[in-house]
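Here the structure comes first, spelled out in structure tokens, and everything after it is commentary.
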Amino acid sequence: MKPASFDYVRAESAAHAVQALAAAGGDGKVIAGGQSLMPMMNFRLVKPSVLVDINHISGLDAVQDRGDKISIGALVRHRITATDTLIAKNIPVLHDAMKHVAHLTVRNRGTFCGSLCHADPAAEMPMMSLLLNGIIHILSPRGERTLAAQDFFVGSLVTALEPDELVTEIEIDMLPAGTGWGFEEFARRHGDYALASAAVTMQRQNGVAVGVRVGLMGVGEMPMRLPRIEAMLEGCEVSSGLIGEAVDALRTELEPNSDLHASADYRRHLAGVLARRAMTAAWARAEKDAV
Ligand SMILES: Cc1cc2nc3c(=O)[nH]c(=O)nc-3n(C[C@H](O)[C@H](O)[C@H](O)COP(=O)(O)OP(=O)(O)OC[C@H]3O[C@@H](n4cnc5c(N)ncnc54)[C@H](O)[C@@H]3O)c2cc1C
């Protein structure tokens, strides 16, 4: 398959990119890694009249220490996110999650922010942005704004971005030292999109769990945080019995779709199995009174 014809703009700066998007009158698309956009164009699922290439803009390819947060620029490739030592040391749950993302060639080109903008409900990075309280920085001809990851995803493959807006970076939480974490995923083949994944982090203070975070993906139209399930574990000594209760409650919150790959019942069951493993691992890894 070949894409429909389009004009090409090589953006020299972020300001140039958003001007070009505005000039396209809602019919332009940013291309970052092209790993999701190009297949969609080749299948003619999207037919932008203008492609705005951001790959030559300087300053967008850095992972930066921002105190209690880490910034990931719009041109940071999956390979960099997966191997960066700042991320590995301070957000081990993300370091682990990145091992499940796609294959070598896709990882060399695909970008963290491109994955957010593509908003696939079975992609790891959107869920990690929710788990890590991501703040997404957005530029348009009207200026800059930020959106919490919680407000960024509005549906399957749909975000709150306007057609003339460019994501320039995301800031995500560094985890406090000693935070326990668990990441569990099931895909038919390594590197495929997951049927479901669960991510959990928590600290251990005076024998109880604090700062509990629970995220899921692949079991709904969007990745999700589960505040009710987090509250069930928060302030409690985590036992297998309590995890069992939390998993039962979690399953009642899910309304997955049935599709070619799995039935809704199977996905709901799988999500519970993965969440149980991730909660168990997070509690086991949490260092006693490390906070
Ligand atoms: C075979 C294969 C397997 C894959 N497996 C996985 C997997 O297991 N897990 C996973 O998470 N992903 C997977 N992916 C997707 C991959 O991670 C993509 O790289 C990612 O979804 C999109 O990133 P990109 O930089 O390539 O974005 P592009 O393809 O360039 O763009 C995607 C969309 O985002 C928009 N966009 C990109 N950057 C910006 C920006 N800065 N501001 C505004 N809009 C922007 C584009 O206009 C487009 O609409 C797979 C892809 C392939 C081809």
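Of everything in region 175-194 that is under 15 Å from the mean Cα position of the chain (by Cα) and of a type outside the set (Asp, Glu), the residue that is surrounded by the most Cβ atoms within 10 Å (Cβ to Cβ) is PHE183.
The one condition from (1) in a loop (DSSP other than H, G, I, E, B); (2) within 16 Å of the ligand (Cβ to nearest atom) that VAL238 does not meet is (2). Can you find even one residue in region 68-84 that is within 17 Å of ASP192 (Cβ to Cβ), in a helix (DSSP H, G or I) and free of Cβ contacts under 8 Å to residues at least 24 places away in the same chain? No, that holds for no residue. For region 141-157, filtered to residues that are without any contact (Cβ under 8 Å) to a residue 40 or more places away in the chain and under 26 Å from ALA271 (Cβ atoms), the residue that is nearest to the ligand (Cβ to nearest atom) is LEU157. Take THR81 and decide whether it is polar (S, T, N, Q), within 10 Å of the ligand (Cβ to nearest atom) and under 16 Å from the mean Cα position of the chain (by Cα). No: the conditions fail for THR81. Taking (1) out of contact with any Asp or Glu (no Cβ under 6 Å at 6 or more places or on another chain); (2) within 13 Å of the ligand (Cβ to nearest atom); (3) not small (Gly, Ala, Ser) in turn, ILE70 satisfies each apart from (2).
You will find that of GLY67, GLY59, GLY28, the residue that is modelled with pLDDT of 95 or more and surrounded by 13 or more Cβ atoms within 10 Å (Cβ to Cβ) is GLY28 and no other.
Would you check which residues across region 122-140 are more than 15 Å from ALA97 (Cβ to Cβ) and more than 9 Å from the ligand (Cβ to nearest atom) and list them? Across region 122-140, the qualifying residues are ASN133, ILE135, ILE136, HIS137, SER140. Just one of the listed residues (GLU171, GLU165) is under 13 Å from the mean Cα position of the chain (by Cα), acidic (Asp, Glu) and surrounded by 14 or more Cβ atoms within 10 Å (Cβ to Cβ), and it is GLU171.
The values are calculated or read from the model by the stated rules, or taken from the named source; none is laboratory data. Being a predicted model, the structure only gives us computed values, none of them experimental. Cβ atoms come from the backbone with ideal geometry, glycine included; neighbour counts cover every protein chain shown.
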